[in-house]
Amino acid sequence: MKILFVLEHFYPYIGGAEKLFYELTTSLAKAGHQIAVVTTLFRPDLPEAEELQGVSVVRIKCRNRYWFSMASLPAIRRMAKDYDVVHTTSYNAALPAWLGASLSRKPVLITFHEVWGKLWWQLPFANFVQRSLFYTWEQLLLKLPFRYFIGVSDYTRQALLDSGIPAGKALRIYNGLDYSVFEAYQHQPPKAFTFTYFGRLGMSKGLELLLPAARDLLNRHPEARFKLIVPTYPKPMYNWVLQQLDDLQIRQQTQLLHDLPRATLYQEIATSSCVVIPSYSEGFCFVAAEAAAMGVPIVSSGRGALHEVVSGPWIPMQNMTAQALSTALHRAFEGNWEQRPFRPFQLQEAVQAYIDLYAGLPS
């Protein structure tokens, strides 16, 4: 089978959606399928075209991911006619993928990682105009006649249903992990309490709650350490984080790490006392699944799909405030963990579910 993926970001970009599609595309290629990806050239040092573990990657030169919605259409239109199905994702890749597939008369489906709806109006780091545009764009995508809308958790599928997607078109396929990777990275907590945030920088991640809560814990326990594993993009958000670390006077107690190889990343997580996930919403959350796979305790907001994915030792935030997160971190420092049964999400199950879905599409 020949499958064309249209994604606004792809490896080596850091994020849950990017992790899903890297694992899915390379697994499909390994299984003998012909796979291509159209994505953004988000870093100037990346090649415009290359092969990654059997996946043909075409990167579109454009100013940013928002321009990708227009700049990618010619390449999608040209390539789609040679593929059996087009698979895209929310947000900026969805419209050109639907247009390119429709013009080529190819079936097109979309994986929705999150449906925020009214949450757009509650998040920080955006003004009224930005919120209005994001909300309107999401509503437009939900109105497009994709063959299937795939949620990556029960929570996300329910959000699709609540948005008006018919039950027969709204599916759930969990993201998956290759658990053999984590066998070498089981939890080894350090002597000094070290709490870690790792993942992308985004408006829904609760960073404006995390940094003051980190200050509270570090002031009370100066021997503790804060590990912050994040990309240096988007630049405005990264600069805001640096300024906050200085303003809160915790830069010296914070270990900032960027662009780590996967083995190094997992080693840094495994040698943390706990991982902190204060998100306003998560459609799945690879951070939670990976931490649980290594046996690393989790401090979590419990929002969105986190109640499905978080397992093992954990502490929930009681509400979405810096004070509630500070309280949860103090509980973690004292070792006052709650326990949930471990829940795995197998990569092979996810890949097979997508293969079955592709195979069932009419030609």
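Listing for the model above:
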| item | result |
| --- | --- |
| Selected residue [surrounded by 16 or more Cβ atoms within 10 Å (Cβ to Cβ), modelled with pLDDT under 95 and not polar (S, T, N, Q)] from L7, L20 | L20 |
| Matching residues, segment 265-308, being buried (at least 24 other Cβ atoms within 10 Å of the Cβ) and among the polar types (S, T, N, Q) | S272, S279, S300, S301 |
| Options V38, V57, V86; residue that is over 19 Å from L141 (Cβ atoms), of a type in the set (A, V, I, L, M) and buried (at least 20 other Cβ atoms within 10 Å of the Cβ) | V57 |
| Qualifying residue in segment 188-207 (condition: in the same structural domain as I277 (by TED's automatic domain parsing), in contact with a helix residue (DSSP H, G or I) (Cβ under 7 Å, 6 or more places away or on another chain), at pLDDT 95 or above and of a type in the set (A, V, I, L, M)) | yes |
| Residue identified as without any contact (Cβ under 8 Å) to a residue 24 or more places away in the chain, charged (D, E, K, R) and outside the structural domain of V115 (by TED's automatic domain parsing) among R251, R303, R220 | R251 |
| Answer residue from segment 155-181, given it is aliphatic (A, V, I, L, M) and outside any helix (DSSP H, G or I) and is modelled with the lowest pLDDT among those | L177 |
| Checking M1 against (1) closer than 21 Å to L347 by Cβ; (2) hydrophobic (A, V, I, L, M, F, W, C); (3) surrounded by 21 or more Cβ atoms within 10 Å (Cβ to Cβ); (4) modelled with pLDDT under 95, the condition it does not meet | (3) |
| Matching helices (runs of 4 or more DSSP H) fully within segment 13-117 where at least 2 residues are within 25 Å of P236 (Cα to Cα) and assigned by TED's automatic domain parsing to the domain that holds K143 | 16-30, 68-71 |
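The values are calculated or read from the model by the stated rules, or taken from the named source; none is laboratory data. Everything quoted here is computed from the prediction, not taken from an experiment. Cβ sites come from the backbone with ideal geometry, for glycine too, and all protein chains shown count toward neighbours.
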